[in-house]
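Bear in mind these aren't lab numbers, they're just calculated from the coordinates by the rules spelled out. A quick note: this is a predicted structure, and the numbers were derived from the prediction, not measured. Quick reminder, even Gly has a Cβ in these numbers, built from the backbone with ideal geometry, and neighbours come from all protein chains shown.
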Amino acid sequence: MLFLVFTLLLGACAKLPAAGTPTATAESGLPTPVLALTQAPDVESEAKDYLELWKSEDYEGMYARLSKLTRDALTLDDFTKQHKTAAVAMTMQAMNYSILSSMVRPSTAQVAYDVSYTTTLLGTIERSTIMNLTLEEGKWQVQWDASMILPELAGGNKLELTYEIPARGNLYDIYGYPLVAQDDAVALGVIPGQIDPEKEASMLSLLANILDVSSDSIYKKYQYAGPDWYVAVGDVSAETAQKYSDRLSNYPGLILSSFRSRYYYDGGIAPHVIGYVLSISPEQLEEYQRLGYRGDEKIGASGLEAWGEQYLAGTHGASLYVKDPQGQVLTKLASASPKPAASIYTTIDSTLQYYLQRSLGNNLGAIVVLERDTGKVLSMVSNPGFNPNLFEPVNYNSIALGDVLTDPKLPLYNRASQGVYPLGSVFKIITMAAALETGVFTPDYPYYCDDKWTELAGTVLYDWTYERGFGASGLLTLKEGLMRSCNPWFWHIGLTLWNDGYESAIADIASGFGLGKKTGIEIPDFEGKLEQPDSVSANVQLSIGQGTLQVSPLQVAMFVAAVGNGGTLYKPTVVEKIVPVDGTDPVYEFEPVVNGQLPVTPENLKAIQEAMVMVVRDTRGTATYQFRGLSVNIAGKTGTAENPAGDSHAWFAGYTFNNDPNRPDIAVAIILENAGEGSDMAAPLFRRVVQLYFSNYNNAGGTMPWEESPYIVATETPEP
């Protein structure tokens, strides 16, 4: 009781205010505590951001989102390498994901997700796995381990892919003659100091016979070489070498080296079309591994070898294994059987191509031969050429590859489809079409063709007849103007069309003839340069194929074929069919593809055709003297294109209209760089093409100006 009274008194005293102290109010009490809560970021959103970075293979961005503990244990290079190694092993082309669920604790979280890999060889690989995250400075960071790629990679396990590689497909000509295949071959070379002088002439004759070149061309290869140098001469198939083995072994200094490789027969038929193969470079390695390559294969580097890689390589078979850190197989994840390669049958007529490759001599230039009514390329020659076998390292003669790569004449450059040339007077075909289609001129419209032209104020231009001392051609119809290749006639057209308001007519018609555009052929080609003239003088220059105009021989062959076939521009092709090596049905067979129609009426086109026949048949035609006695029906146009960098380029373009049921009609375009007059230099080659083709290769069409006999270049006479 006393304790209770004491307590009550003490409590009462505590409530009494002290003397001089103001009474406490509610406003002067302690403040109400405020509770601040920081919400953790959405873990699924953070996980999605990380997976998006993975999807785009931004490994540096992914690495920045790893936890500090993970980054301390793993460098960016190692992190990147593990992902790339897995991608290569799976032949991954794309990664996708879907988030399934998440579980969050105060400072850690887990996100479950599905990952799906689209692969080249193994279809789709799908797995479910987990991403662990930790909260660091208010942000979720990924605690990475390899099981995030595939659960099977936990604990240091690795992926390993084994391959089954099908044999590479071959390339054939249009008749099934092999142009390239895996085969045994022999490299031929000489060591000059070991050659027996008494046997040298005989040795050169034998080599010339085997390699089908001149003795002089072989001698020139080692003429100035050191006595102990090895000089590459050429290569032949093992079958050919065996045929001549007894004779070849009789010559000291003649070295034979056997090799087996992807072999290009006859020193390379149409090498710019067929191309060559190379080893996969270090820079390309990952790309090709993810395309399903092991990495030590040869791949197409140019021409049809490159274009047809997907067919020629086939599809590798593969098995994907998981191995433990000791290298023991734990499981097979996926596998696929190989699919055979296919072979490509080209449109190339190898015999025609072979003879034409030997016909250009030392001239820089090109020849294109098309089937007039389909667009098939029967021959495509670019000179100088090259031997694709030199790109094979096991070929001892590959030591000569450096000479090819550094040759200032650019032998790897395909002048036929990628050439950059002014067209000169062959373009007058197009100018004539523009003159007729505008209605300003008619085929029989008369004009006096003087040997100089002064119609454009302040300008004096001279006809080719003036330069050659022939005098003026006189009064000519438009058709005769093309026949005579009268420059003043076509300058007059360019000036008149411009003054009559048809400033774009010539360029527009040229575009309709396919100039200034890609042709659509399977190998690289040049779209050309065709600009709208910005002045009357530019239009005058364009009218004779000069100025800024640039074309390729392939484009010229295309539009000349269209003139000859009635106006259809066919897409050119070098692929006849693609056939699996196991003999199943072709995966592709050629059918003509139309690129367009010439913007010329049938009546006007007929006038152009008649004028082109006059070029080669009329006594005043610029090329008549080259085709006397030729029984094949032909039409053509000469061209001599001025070249600011040197002598004029020689052109000839034309077509046949022989209607031979056994030989489809052809169109041909020829250019010889810096060779002079088209009628003197290019027209004889046109005759050779036509006579070879229609004689089943028995008639060489005469001797070219640079030959001592068909296919043999005249030996240069040394200066005294």
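Summary of computed values
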| item | result |
| --- | --- |
| Nonlocal amide H pairs with Gly365, under 5 Å, H built at 1.01 Å | Asn383, Glu673 |
| Nitroxide proxy distance, nm - points 7 Å out along Cα→Cβ at Asp196 and Gln110 | 8.7 nm |
| Principal axes of region 472-553: Cα extent on each, largest first, Å | 46, 27, 18 |
| Rh by Kirkwood over Cα pairs, then Stokes-Einstein D for region 418-707 at 0.692 mPa s and 37 °C, µm²/s | 169 µm²/s |
| From the C-alpha gyration tensor of region 384-476, square roots of 5λ in Å | 49, 18, 11 |
| Förster radius 41 Å - calculated FRET efficiency between Thr124 and Ser281, Cβ distance, rounded to 0.05 | 0.85 |
| Options Gln532, Val440, Asn157, ranked by Cα towards positive dipole end of the chain, top entry (Cβ charges) | Asn157 |
| Spatial separation of Cα centroids for region 218-233 and region 399-414, in angstrom | 18 Å |
| Arg247-Lys220 FRET efficiency (beta carbon distance; Förster radius 22 Å; 0.05 resolution) | 0.45 |
| Cα pair distances exceeding 16 angstrom across region 277-346, given as percent | 59 percent |
| Computed E for Leu256/Ser337 - FRET, C-beta separation, R0 51 angstrom, nearest 0.05 | 0.80 |
| Integer Hz, Karplus 6.51/-1.76/1.60 couplings in order for region 346-359, x for Gly and Pro | 7, 8, 5, 8, 4, 5, 4, 4, 4, 5, 6, 4, 8, 9 |
| Rough spin-label spacing in nm, given labels placed 7 Å along Cα→Cβ, for Val593 and Val329 | 4.4 nm |
| Size of electric dipole in the chain: Cβ of Lys, Arg +1 and of Asp, Glu -1, about Cα centre, debye, nearest 20 | 840 debye |
| Cα pair distances of region 378-432 binned at 10 Å [whole percent] | 20, 34, 26, 11, 7, 1 |
| Correct choice for Kirkwood radius over Cα pairs in Å that was computed from the model, options (i) 29.8; (ii) 31.3; (iii) 26.1 | (ii) |
| Helix-derived mean residue ellipticity, 222 nm - over the chain, DSSP H n ≥ 4, -39500 (n - 2.57), to 500 | -8500 deg cm²/dmol |
| Equivalent ellipsoid semi-axes, region 43-155, via Cα gyration tensor eigenvalues times 5, rooted, Å | 23, 16, 12 |
| Value in Å of the Kirkwood radius, where region 547-643 supplies the Cα pairs that are averaged | 16.4 Å |
| Label-point gap, in nm, between Met103 and Asn662 - each point 7 angstrom along Cα→Cβ | 8.5 nm |
| At most 15 other Cβ within 10 Å, DSSP loop - trypsin sites (Lys or Arg not before Pro), region 216-299 | Arg294 |
